[in-house]
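Trainee: The structure's right below; bear with me while I get my questions together.
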Amino acid sequence: MAFVVLLVLGAFGGAVAAVIVIDRVAQPPRDWAPYLQRRAAGHDPMIERVAGLAAAYLRWADRLPPAHRIEVPPRIGAAPWRDAGPPHATAPGRLVVVDSVGALGAALADARPGDVIELLGGTYTLENRGFYLSRAGTAAAPITLRAARLGDAVIRSDVVEAFKVAAPYWRFENLIMRGVCGGDSDCEHAFHVVGAASHIVIANSRLENFNAQVKVNREGTATPDDGRIEHDSLIDTHPRVTPNPVTPIDLDTGSGWTIRDTLIADFVKADGNGVAYGAFAKAAGSGNRFIRNVVLCRWHLPDLAGERVGLSFGGGGSPDYIRRDFGRTGLEALGGTMRDNLIAFCNDDGIYVNRSANVTIAHNTLIDTGGIDVRFRPSRAVVEDNLVDGAIRSREDGGIEGYGNRATWLPLLFLGLHPQRALFADPARLDLRWRTRPAAGDDPDPHRDLCGAVRPARPLPGAFQDYARCFVRSAGGENRGIVP
């Protein structure tokens, strides 16, 4: 009898010790699976087999099975019906209609404040030349490059940078741009926004197959601030075979940028370190906002090797000489916001905060990700009213001030327990209609949610009150409830 008691106590003690270790290490099962396989590689075949079995269990315990059809809310991303109408009716400048790459180059070189440069329907192939935009618009008279309707004009880019924007107040809208380089390292950016190029708007455009569809960074002593990326679709149709950074929105040093109502999907880095981010803001920018976006680390592409993170303040970090403050604060981001985003199917963290202070992570819904991770001592984040299929955790002295979140205790994930998934009709297919509504919170939130609904005085946790509303359109084809 005593022997049995000792066995029970030993097993209980081992379980308690395992829970303590898991809780302190603060990494979910999906992180442990590739780690075990890497450590076992090249060892005795039995060790490799055991590690393989353990990794398979950890993936089973933590990951949703891939679904063949995943539907994205039509109010998010670029769409033909979303055109705001011809701006040249009220624009103070000229309407310049172009029908060739040569005419486009001439119009851009001669652009003046208030001009609207409109591409006629057709395909425009950039070979051996990108465009450097140095003519400035003004707040009252921005320069616009557009197609009349999304789908009319397609720009095929076979160059490293299609548009390098170095002057303020440009607007790009209704464009389809595709990288078509023979090697992925040769197609870096659809838009590279640098230096004095503040107040840039990229709207209702579909940007495919670039390493960083939109790259923003300081050039010289000037930093491009206060830009907007809204109602765009940033997608790759194949894994990026490149050692270069793969991040559809790569925001370095810029402050005051807003990324909203945008779809970011299928970003896979198949070379180098294998790490890709959907979007990040880093290098000591401040006040950047990610609002009402849908980020799908896996959508049409298979669940391949490598690590994919949804959204991040801080990304993988940056050296001091790149940072806006040249490293004086030790911070990667200050005072930013991530709110009302839906992030799903990431084999790494859904939201990652790295050396970023006074950031707010609120009302996000995370499905099948590693959860929310706040890491390293300078990091301080208010994390409130999020619905997380996974854990919310801090590592290496990262600071979290948490309120009203619904998440899972990390050790339960190792047992295959994901109570948040049971709230939804079919999370593997991103059918997020409520099967069981979660309890409402106590703090009123005046912001509109992912689906455009005004939140009530007692809002639900997560990105939306009623996911079905994201799929409702008006008679004119536009989704109801779209707001600035």
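Trainee: Diagonalise the Cα gyration tensor of segment 21-164 and give the resulting equivalent ellipsoid semi-axes, square root of 5 times each eigenvalue, largest first, whole Å.
Mentor: Numbers: eigenvalues 550, 76, 52 Å².
Rounded to whole Å, the semi-axes are 52, 19, 16.
Trainee: While we're here: Using a cut-off of under 13 Å, list every residue of segment 427-464 whose amide N is near the label point 7 Å from the Cα of residue 401 along the Cα-to-beta-carbon line.
Mentor: none
Trainee: List the residues, sorted by chain then number, that are 5 or more residues from residue 402 or on another chain and whose placed amide H is less than 5 Å from its amide H.
Mentor: Long-range HN contacts for residue 402: 383.
Trainee: Right, something else. Please say if segment 362-462 is rounded, prolate or oblate, where rounded means a/c under 1.5 for a ≥ b ≥ c the square roots of the C-alpha gyration tensor eigenvalues, and otherwise the choice is prolate for a/b larger than b/c and oblate otherwise? Don't skip to the end; give the middle numbers.
Mentor: Numbers: a/c = 2.12, a/b = 1.17, b/c = 1.82.
Oblate.
Trainee: Kindly write out, for segment 99-116 in residue order, the coupling ³J(HN,Hα) from the Karplus curve 6.51 cos²θ - 1.76 cosθ + 1.60 (θ = phi - 60°), rounded to whole Hz, with x marking Gly and Pro.
Mentor: Values per residue, Gly and Pro as x: 9, 8, 5, x, 5, 5, x, 5, 5, 5, 5, 9, 4, 10, x, x, 5, 10 Hz.
Trainee: Tell me the mean residue ellipticity at 222 nm calculated for the chain from its helices only (DSSP H runs of n ≥ 4, each -39500 (n - 2.57), averaged over every residue, nearest 500). Kindly include the intermediate steps, with their values, before the conclusion.
Mentor: On the way: 5 runs with 67 residues, N = 484.
It lands at -4500 deg cm²/dmol.
Trainee: Suppose every K and R has +1 on its Cβ and every D and E has -1 on its Cβ; what is the size of the dipole of the chain about the Cα centre, in Debye to the nearest 20? Before the final figure, lay out the partial values.
Mentor: Details: 54 positive and 55 negative charges, 128 e Å.
It comes to approximately 620 debye.
Trainee: Something else about it: Once all Cα-Cα distances of segment 238-277 are split into 5 Å bins that start at 0, what whole-number percent is in each one?
Mentor: Result returned by the calculation: 6, 22, 25, 18, 16, 11, 2.
Trainee: Per the Debye formula with a single identical scatterer at each Cα and no solvent contribution, what log10 I(q)/I(0) holds for segment 298-402 at q = 0.10, 0.19 Å⁻¹?
Mentor: -0.27, -0.89
Trainee: Using amide H atoms built 1.01 Å from N in the peptide plane, name the residues 5+ places from residue 275, or on other chains, whose amide H lies under 5 Å from its own.
Mentor: Amide H neighbours of residue 275, under 5 Å, 5+ apart: 307.
Trainee: Moving on to the next point. Can you list, bin by bin at 10 Å, the percent of alpha carbon pairs in segment 195-341, starting at 0?
Mentor: Per 10 Å bin, starting at zero, the Cα-Cα P(r) for segment 195-341 comes out as 13, 43, 35, 8, 0 percent.
Trainee: So what is the diffusion coefficient of segment 340-400 in µm² per second by Stokes-Einstein at 4 °C and 1.567 mPa s, using a Kirkwood Rh over Cα pairs? All intermediate terms of the calculation are to be shown ahead of the outcome.
Mentor: Working: Rh = 11.2 Å.
After rounding, the answer is 116 µm²/s.
Trainee: Considering the Cα positions of segment 136-234, please state its Rg to one decimal place and its Dmax as a whole number of Å.
Mentor: That works out to 13.0, 41 Å for Rg and Dmax.
Trainee: Fully extended, how many nm does the chain gain between residue 322 and residue 95 (0.36 nm per residue separation, minus their Cα-Cα distance)? Don't skip to the answer; put the middle values down first.
Mentor: Values: separation 227, 0.36 × 227 = 81.72 nm, distance 3.92 nm.
Length difference between fully extended and current span is 77.8 nm.
Trainee: What ranking, highest mean first, results for peptides 306-314, 200-208 when packing means the other Cβ atoms within 10 Å averaged over each residue? Mind dumping the intermediate values first?
Mentor: Values: 306-314: 26.7, 200-208: 24.7.
In descending order of packing, they fall as 306-314, 200-208.
Trainee: Rounded to whole Hz and in sequence order, give me ³J(HN,Hα) for segment 340-346 from the Karplus expression 6.51 cos²θ - 1.76 cosθ + 1.60, θ = phi - 60°, writing x for Gly and Pro.
Mentor: 6, 9, 10, 10, 8, 6, 9
Trainee: May I pose another question? Could you give me the ³J(HN,Hα) list for segment 122-135, computed from phi with Karplus coefficients 6.51, -1.76, 1.60 and θ = phi - 60°, whole Hz, x at Gly and Pro?
Mentor: x, 10, 10, 9, 9, 10, 6, 7, x, 10, 9, 9, 10, 7
Trainee: Continuing with the same structure: Relative contact order, percent, of the chain when contacts are C-alpha pairs under 8 Å separated by at least 6 residues? Display every interim value, and only then the final one.
Mentor: Numbers: 1410 pairs, mean separation 49.7, N = 484.
Once divided by the residue count of the chain, the mean separation gives 10 percent.
Trainee: Output the Kirkwood hydrodynamic radius of the chain, Cα pairs only, in Å rounded to one decimal. Spell out each step's value before the answer.
Mentor: On the way: mean 1/r = 0.0428 Å⁻¹.
With all distinct Cα pairs of the chain included, I get 23.4 Å.
Trainee: Can you list the residues, at least 5 places off or on another chain, whose amide H is less than 5 Å from the amide H of residue 408, using H built in the peptide plane?
Mentor: 390, 391, 392
Trainee: Ok, one more. Mind sorting 321, 57 by how few other Cβ atoms lie within 10 Å of their own Cβ, fewest first? Each step should come with its number before you reach the end.
Mentor: Working: 321 8, 57 14.
Lowest count first: 321, 57.
Trainee: Can I ask one more? Please give the Cα centre distance for segment 38-87 versus segment 386-421, rounded to the nearest Å.
Mentor: 19
The numbers here are math on the coordinates, done by the rules we state, and not lab data. All values derive from a computational prediction rather than experimental measurement. Glycine also receives a Cβ, built like all others from the backbone with ideal geometry; neighbour counts cover every protein chain displayed.
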